[in-house]
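Here the structure comes first, spelled out in structure tokens, and everything after it is commentary.
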Amino acid sequence: MKSSNRQNFLRTRRVRAGFSLLEMVIVLGIIAVIIGGAITVMGRVGDGAKRTRVSGDFNSIGAALRMYQTNNGRFPSTSQGLEALVDKPSSEPRPKRWVKLLDEVPVDPWQNTYGYKFPGSSDKTTFEIISKGPDGIEGNEDDISSQKDE
């Protein structure tokens, strides 16, 4: 009898050793909900990070533009744009002491080139740098400007 009790115990133990299909589906469902929530939160964090990068880009491009002004007595014109920091402008006003200040015209986190205006829209005494924002279309409400507080 001891042998049959042991076999019954082992059979019962084997059956209970795994998870049922229902338990597996429940666990996978819970994991999917957690991952979905994490992706949603990370998406919002990523957008904030992109806007922070734009602010940092405004600072570094602004520093290069101020160096251009120091060397040449004025900022590049709107038509010369940020390209004046990479290649010597051939149009008027020609720079007096041009120096290459950037390796390439920078792009925003959404892979669009930054816009440039001189004089700026709000402050006519200085430049304005513009990101077209997430939609890539200039002139609408998601644009980010160096002259406007967010």
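For (1) farther than 25 Å from Pro134 by Cβ; (2) β-branched (Val, Ile, Thr); (3) at pLDDT 75 or above, each residue gets a yes or a no:
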residue: Leu10; (1), (2), (3): yes, no, no
residue: Val15; (1), (2), (3): yes, yes, no
residue: Gly29; (1), (2), (3): yes, no, yes
residue: Val41; (1), (2), (3): no, yes, no
residue: Arg53; (1), (2), (3): no, no, yes
residue: Phe58; (1), (2), (3): no, no, yes
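Scan the stretch 117-131 for residues that are in contact (Cβ under 8 Å) with a residue 24 or more places away in the chain and either in contact with an Asp or Glu (Cβ under 7 Å, 6 or more places away or on another chain) or of a type in the set (A, V, I, L, M, F, W, C) (or both) and jot them down. Once the filter is applied, which keeps residues that are in contact (Cβ under 8 Å) with a residue 24 or more places away in the chain and either in contact with an Asp or Glu (Cβ under 7 Å, 6 or more places away or on another chain) or of a type in the set (A, V, I, L, M, F, W, C) (or both), the stretch 117-131 yields Lys117, Phe118, Gly120, Ser121, Phe127, Ile129, Ser131. Condition first: in a loop (DSSP other than H, G, I, E, B), in contact (Cβ under 8 Å) with a residue 40 or more places away in the chain, more than 17 Å from Arg74 (Cβ to Cβ) and out of contact with any helix residue (DSSP H, G or I) (no Cβ under 6 Å at 6 or more places or on another chain). Can you find one or more residues in the stretch 132-143 that meet it? Yes, the stretch 132-143 contains a residue that is in a loop (DSSP other than H, G, I, E, B), in contact (Cβ under 8 Å) with a residue 40 or more places away in the chain, more than 17 Å from Arg74 (Cβ to Cβ) and out of contact with any helix residue (DSSP H, G or I) (no Cβ under 6 Å at 6 or more places or on another chain).
Per-residue answers, yes or no, for (1) closer than 14 Å to Arg66 by Cα; (2) surrounded by fewer than 15 Cβ atoms within 10 Å (Cβ to Cβ):
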| site | (1), (2) |
| --- | --- |
| Val99 | yes, yes |
| Lys132 | no, no |
| Asn140 | no, yes |
| Asp143 | no, no |
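With the structure loaded, tell me whether Gly81 is free of Cβ contacts under 8 Å to residues at least 60 places away in the same chain and closer than 16 Å to Gln147 by Cα or whether it fails that test. I'd like the intermediate steps shown before the answer.
Details: free of Cβ contacts under 8 Å to residues at least 60 places away in the same chain: yes; closer than 16 Å to Gln147 by Cα: no.
So Gly81 fails the test.
For every residue, the table says whether it meets (1) surrounded by 10 or more Cβ atoms within 10 Å (Cβ to Cβ); (2) within 27 Å of the chain's Cα centre (by Cα).
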site: Ala38; (1), (2): yes, yes
site: Ala64; (1), (2): yes, yes
site: Leu85; (1), (2): yes, yes
site: Ser91; (1), (2): yes, no
site: Lys96; (1), (2): no, no
site: Val105; (1), (2): yes, yes
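Under the condition of being outside any strand (DSSP E or B) and buried (at least 17 other Cβ atoms within 10 Å of the Cβ), the residues counted in the stretch 107-125 number 6. Which residues, counting only those in the stretch 114-129, are β-branched (Val, Ile, Thr) and within 16 Å of Ala64 (Cβ to Cβ)? Across the stretch 114-129, the qualifying residues are Thr126, Ile129.
The values are calculated or read from the model by the stated rules, or taken from the named source; none is laboratory data. These numbers come from a predicted model, not from an experiment. Cβ atoms come from the backbone with ideal geometry, glycine included; neighbour counts cover every protein chain shown.
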